[in-house]
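For reference, the structure is listed below as structure tokens.
The values are calculated or read from the model by the stated rules, or taken from the named source; none is laboratory data. Owing to the predicted nature of the structure, the values given are computational and were not obtained by experimental measurement. Don't worry about glycine lacking a Cβ; one is built from the backbone with ideal geometry, like all the others, and counts go over all protein chains shown.
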Amino acid sequence: MRRLLRLALAFAFVPCSFHALAAAQSVRLNGPLARGLGRVSQSALTRDGLSVLYVANGNLYRVASTGGPSTALDAPLGPDWDVLSLQLDAAGSRAVFAARQGDEGEPQLFGVAVAGGPVTPLAPGASFALSPDGAWVVFRSLTGPVELFSVPTAGGAVTRLNGPLVAGGDAFAFLITPDSTRVVYRADQRR
């Protein structure tokens, strides 16, 4: 049981095949973490299996799945931003993440290429999902009535998806169809 706990605290990639699994060596992918506070909170493997994105100490990193130096993908935001959540598009080429400036800041959605480059502000939001084709993000608003919106993953105009809500109503949940053409949602909505 102790060994399992240690593995859960250290982010590692283990090459897997049924025959070699017992002899496989784990490779530590993340760099040193802040003592007492540091942990890997989320990770995503690119479709080709060559890169791993992970959130540690409030930052978003990319590292080769075979190990090596990590690259901070959210570095342009500055040190006072904390990454809260991460999703990778199906192609493995673009990441969308929610981050907050300081402890009291409103979460914002950002997009960045997995290969690195500029971080693109998308919209205020924290609860989000990427469309299966990776072209856009659906998210819930943070203030006022909770409504659903979409925005292209590369940035652009924000579009409200739900119809008019009843007084005090909210949009509760949503699903994106597998072909990325529709969003199904539950809401307190007028007919």
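Need pairs with beta-carbon distance below 9 Å; first residue surrounded by 12 or more Cβ atoms within 10 Å (Cβ to Cβ) and within the range 103-127, second part of a strand (DSSP E or B) and of a type in the set (Asp, Glu); sequence gap 6+ or separate chains.
105/82
A quick yes/no check of all residues on (1) part of a loop (DSSP other than H, G, I, E, B); (2) under 30 Å from residue 25 (Cα atoms):
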{"position": "67", "(1), (2)": "yes, yes"}
{"position": "87", "(1), (2)": "no, yes"}
{"position": "90", "(1), (2)": "yes, yes"}
{"position": "95", "(1), (2)": "no, yes"}
{"position": "98", "(1), (2)": "no, no"}
{"position": "117", "(1), (2)": "yes, no"}
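Does residue 129 satisfy being small (Gly, Ala, Ser) and not in a loop (DSSP other than H, G, I, E, B)?
Answer is yes for this residue.
If a residue has to be under 23 Å from residue 106 (Cβ atoms), among the small types (Gly, Ala, Ser) and assigned to a loop (DSSP other than H, G, I, E, B) to count, how many in the range 132-164 make the cut?
Matching residues across the range 132-164 total 6.
Inside the range 52-109, can you point out the residues that are aromatic (Phe, Trp, Tyr) and touching a Leu at 6+ places or on another chain (Cβ under 9 Å)? Step through it out loud before you land on a result.
Taking the range 52-109 as the starting set, the residues that turn out to be aromatic (Phe, Trp, Tyr) are 54, 61, 81, 97.
Passing the criteria: 54, 61, 97.
Hey, can you tell me all the residues within the range 69-81 that are crowded, with 21+ Cβ neighbours inside 10 Å and part of a strand (DSSP E or B)?
Within the range 69-81, just 81 meets the criteria.
Looking at (1) closer than 25 Å to residue 81 by Cβ; (2) in a loop (DSSP other than H, G, I, E, B); (3) of a type in the set (A, V, I, L, M), can you tell me which one residue 167 breaks?
Against the list (1) closer than 25 Å to residue 81 by Cβ; (2) in a loop (DSSP other than H, G, I, E, B); (3) of a type in the set (A, V, I, L, M), residue 167 comes up short only on (1).
Could you grab the pairs with beta carbons closer than 6 Å, sequence gap of 6+ or different chains, first residue in the range 51-69 and closer than 12 Å to residue 41 by Cβ, second one in a loop (DSSP other than H, G, I, E, B) and modelled with pLDDT of 90 or more?
As it stands, the answer is 60/73, since those pairs meet every condition given.
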